[in-house]
Structure formats: C-alpha cells, structure tokens
1. When the solvent-accessible surface of protein heavy atoms is calculated with a 1.4 angstrom probe, in what order do LEU106, LEU84, LEU98 fall, highest first?
2. Note the full-extension length gain between MET44 and ASP68 as 0.36 nm times their separation in residues minus their Cα-Cα distance, in nm to one decimal.
3. Given a 1.4 Å probe and heavy atoms of the protein chains only, how would you sort ASP100, ASP82, largest accessible area at the top?
Amino acid sequence: GGAGAAARVHGVSRASRYRAGGHFAPHRDGVIQPREGERSFLTMLVYLTGDGGARRFAGGETAFVRDDGDGLEYGAFDADADVLARVAPEAGAVLVFLQDQLHSGLPVRPAPDADADVRQAPRREGA
C-alpha cells in the first residue's frame, strides 16, 4: 500500500560517539517496526557536541551521498565528488531526514588547537 499518516515517535534511540579517525561508511538507516502495521521512516540526529567555543575535534559532518547505483553504499567514496551536502555538527542542533537517504559520517579529526587549552604565560626578562 501507500504511505500512511505519522502516528507517533517510537521509543528506540541509539547513541554514537566518534573519536579521531572515526567515521561511518555510506548507508541507509534501518526501518523499525515497533507495532503491527507501523514502521519508521525518518531519522532524527541530535548533535551533543560541536564547536560551542571549546571544539575538541574537526570534521565529523553528516554527508548526504549521491545515490546513482554506483555501489557507494558501504563502500569507498570520494568525499568531494560524491557528497551532495554536508551538515556540520553543532551542539544542540537537530537533523531530520528520510531513512532511505544514502548518508555517511565523515571522519573525525583532532582540532588543530585541541591541545592549546593550557597556555604558558610569556617569560619576563630576569625572571
């Protein structure tokens, strides 16, 4: 049959944490069927970290990947040529999209100044 009306938000959630080098290959999110006759069709990402003034990482964008049958799902892809759009993680931001959209978690990198939280005071002459 056809598409039904939205009924409710189901109670299934997942939490993911990516460290430096962490990523998620292009994929589609799985459908959840909490009750007979119901199925999920949207994914909602809630970003818990972002720049917020104390950014400890770079990268980690959610990337929407072209879906033209070239076998990009769970395979290698070119982050420049194959990515249609990127959403940078920002603490508190929410991203909602259809579960069947091909997407990826781009690699997380240490921020260039991640270790610069402790700074030395300049030395004074004669000190």
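The values are calculated or read from the model by the stated rules, or taken from the named source; none is laboratory data. The structure displayed is predicted, hence computed values, not measured ones. Keep in mind that these areas ignore ligands, DNA and RNA; they rest on the heavy atoms of the full protein, side chains included. Shrake-Rupley method; radii C 1.70, N 1.55, O 1.52, S 1.80 Å.
1. Numbers: LEU106 10, LEU84 125, LEU98 85 Å².
Highest to lowest solvent-accessible surface, that is LEU84, LEU98, LEU106.
2. 6.2 nm
3. Result, largest first: ASP100, ASP82.
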